[in-house]
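Have a look at the structure below before the remarks.
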Amino acid sequence: MLGFKSCTSTVPRIRTPSCQVCLEPFDGKLHTPKILQCAHTVCLSCMNALEEQGRRRVPNLEQTMVSVSCPICRTITQTSRCCIRTNYQLIDVVEAYGMDASHSVAFVNCRQCEMVYHEKDINICTKCTPIDATTTASDLLSREVSLHQFAICSTCILNDHISNGHGFIRMLPLRIEMQREENARRIVAEQEKLAQVQLRFREQLEQTMAKWLEFGGNHDANMNLFRAAQTSFQQKVLFDKFSEEISKKSAHIEKLLGHIQGWSREMEPRGNATAMEEAEPNVGGANQHPEIRQFRAATPLNNQDNMVYYFEQ
């Protein structure tokens, strides 16, 4: 697909008016054009730099005065600062050029004299080229024809073609028609892309809705599973606490059993009467367990009721 300027293949030889010092294009802000007394124009930024140089050259210069040496002709402009006027006409020219550039105004080379002309001054000979009054923009776009190769300026068309009986057509209306046709094709192509994107979006939306409905149908079952899992978790927590308490109680019971077994071994009767007689004098002795000494002092060893009383205590 041809571009907007591809059908004329412009060669930009006309530049935007710019400052001859910093080579920046003029505008209405930092590079505002200022006219010196010698009629040369510099931008505001360069004007400030030249003013600083002038103050170093003339130290006693008043604050309201400027002394500027023109960077082109070296003429000294020494006047009040308010007398340095802005070149508003040049600003209008720059803005107009910018508007033309934003609307893609083309400058085309004449293929005979090779001079640069605005496209409104360019013509196409209907006898020397395959383009005639019946040629349509769609045909030119289909053949990918560039109009610049047939561009002839008004002077050349008058001197070399009309004088020989050749016909001609204006290039600008044909170029505009080609641009409209190209824009229409681009719009159709974009609409097709948009339709494809919308189709994919609808498919994805339907898949998402189907998944959502499936999730909604299983919501109650999923909630029941969640509640059962929550209940099982709570039961597990309670079981772990119960097991911990049982372990503590079991350890305490084992500790008590150990003490009871120790006391049982200490309280076991001797195998014969001699051992009992030998043990009797030691009742209340220094090596006797104090509780056993107290128990033996109070009751004899063969009294079962007293033994139960001792363990209860």
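The values are calculated or read from the model by the stated rules, or taken from the named source; none is laboratory data. Being a predicted model, the structure only gives us computed values, none of them experimental. All Cβ positions, glycine included, derive from the backbone under ideal geometry; neighbour counts span all protein chains shown.
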*In this structure, is Ser80 modelled with pLDDT of 85 or more and exposed (fewer than 15 other Cβ atoms within 10 Å of the Cβ)?*
yes
*What residue, of Ile122, Ile91, is surrounded by 13 or more Cβ atoms within 10 Å (Cβ to Cβ), at pLDDT 80 or above and touching a Lys or Arg at 6+ places or on another chain (Cβ under 9 Å)?*
Ile122
*Would you be able to tell me the number of residues in region 125-148 that are hydrophobic (A, V, I, L, M, F, W, C), surrounded by fewer than 18 Cβ atoms within 10 Å (Cβ to Cβ) and assigned to a helix (DSSP H, G or I)?*
0
